[in-house]
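Student: The structure follows.
The values are calculated or read from the model by the stated rules, or taken from the named source; none is laboratory data. In this text, all values refer to a predicted model and were calculated from it rather than measured experimentally. All Cβ positions, glycine included, derive from the backbone under ideal geometry; neighbour counts span all protein chains shown. Side chains included, ligands, DNA and RNA excluded: accessible areas come from the protein's heavy atoms. Shrake-Rupley method; radii C 1.70, N 1.55, O 1.52, S 1.80 Å.
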Amino acid sequence: PGKSFIFSVLLATLMLPEAVTWVPNFITVTWLGRIGPIPWINNWPALTIPFMGSIFSIFLLKQFFAQIPDELFDAAQMDGAGHLRFLWKIVLPLSKAPLMVILVLSFIGTWNSLAWPMLVTNTPDWRPISVGLMNFVNEAGQEINLTMAGAFITIIPILIIYFFTQKQFTESIARSGLKG
């Protein structure tokens, strides 16, 4: 009971700008850094863990799981599989394409983030390449060729990840338009 209401509230949070979540996330990261074994500020947990769960990912997976026919679960039950085995042996292999889409989009969002890393890091040791690119552009000034070279260098990892996941990415996009 109430699952559609909770899902609607979660979807409504997609309308909030990212800047609205910075203060609660910063308070959470600071608190978790105080109670945990390693500090989170100026370290990798503050830069990675807040990006691991997104409402868009939940929405995409929910929509994909809704397309899986109930007959597959019935057949798995007849073969003696429970819920967990059905998830691991049937649903997870079928979900490879949307999981790769989530991986690529999450990596791009994390890789391109600028304001959050500036908020949770005080030293340049843990700042991502987007912060370095911003500093480089400020130093390069009107040298457009240097700015373009720096921008190209920063997108190389994104291109490599997309190259390795493009099959699943295009399968997911092509399958999203199909019905039944």
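Student: Taking all protein chains as present, what is the carbon and sulfur share of the accessible area of the chain, in % to the nearest whole number, probe 1.4 Å? Don't jump to the answer; show the numbers that get you there.
Tutor: Details: 8800 of 12560 Å².
Roughly 70 percent of what the probe reaches on the chain is carbon or sulfur.
Student: Turning to a different aspect of this structure: Based on the Cα coordinates of region 1-57, what is the per residue volume of their convex hull in Å³? Numbers along the way, then the final one.
Tutor: Values: hull volume 6.1 nm³, N = 57.
Spelled out: Cα convex hull of region 1-57, divided by residues, is 107 Å³.
Student: Residue-wise, which Karplus ³J(HN,Hα) couplings in Hz belong to region 7-14, taking 6.51 cos²θ - 1.76 cosθ + 1.60, θ = phi - 60°, and x for glycine or proline?
Tutor: 5, 5, 5, 4, 5, 5, 5, 5
Student: Here is a follow-up. How many angstrom lie between the Cα centre of region 36-65 and the Cα centre of region 1-22?
Tutor: 15 Å
Student: On to the next question. State, to one decimal in nm, how far the label point of residue 158 lies from the label point of residue 8, with both points 7 Å from Cα in the Cβ direction.
Tutor: If labels sit at residue 158 and residue 8, their model points lie 3.6 nm apart.
Student: For q = 0.19, 0.20, 0.25 Å⁻¹, what log10 I(q)/I(0) does region 4-99 give under the Debye formula with an equal point scatterer on each alpha carbon and no solvent?
Tutor: -0.97, -1.00, -1.21
Student: Roughly how many Å² is the accessible area per residue of the chain, as a whole number, for a 1.4 Å probe?
Tutor: Details: 12560 Å² over 180 residues.
For the chain, the per-residue accessible area is 70 Å².
Student: Decide, for region 96-176, between rounded, prolate and oblate: order the square roots of the alpha carbon gyration tensor eigenvalues as a ≥ b ≥ c, take rounded if a/c falls under 1.5, and otherwise choose prolate if a/b is larger than b/c, else oblate.
Tutor: On the way: a/c = 3.48, a/b = 1.79, b/c = 1.95.
In terms of gyration-tensor shape, oblate.
Student: In terms of the Cα gyration tensor, with a ≥ b ≥ c the square roots of its eigenvalues, is region 104-143 rounded because a/c is under 1.5, prolate because a/b exceeds b/c, or oblate?
Tutor: Details: a/c = 2.76, a/b = 1.36, b/c = 2.03.
The shape class here is oblate.
Student: Counting C-alpha atoms alone, how compact is the chain: give Rg to one decimal and Dmax as a whole number, in angstrom.
Tutor: Computed over the Cα atoms of the chain, radius of gyration and Dmax are 20.5, 68 Å.
Student: Applying a 10 Å radius around every beta-carbon, put 126-134, 49-57 in order of their mean neighbour count, most first.
Tutor: Values: 126-134: 16.7, 49-57: 14.3.
Descending mean neighbour count gives 126-134, 49-57.
Student: What order, most packed first, do the peptides 113-125, 65-77 have when packing is the mean number of other Cβ atoms within 10 Å of each residue?
Tutor: Values: 113-125: 14.4, 65-77: 11.8.
Ranking, from highest mean packing down: 113-125, 65-77.
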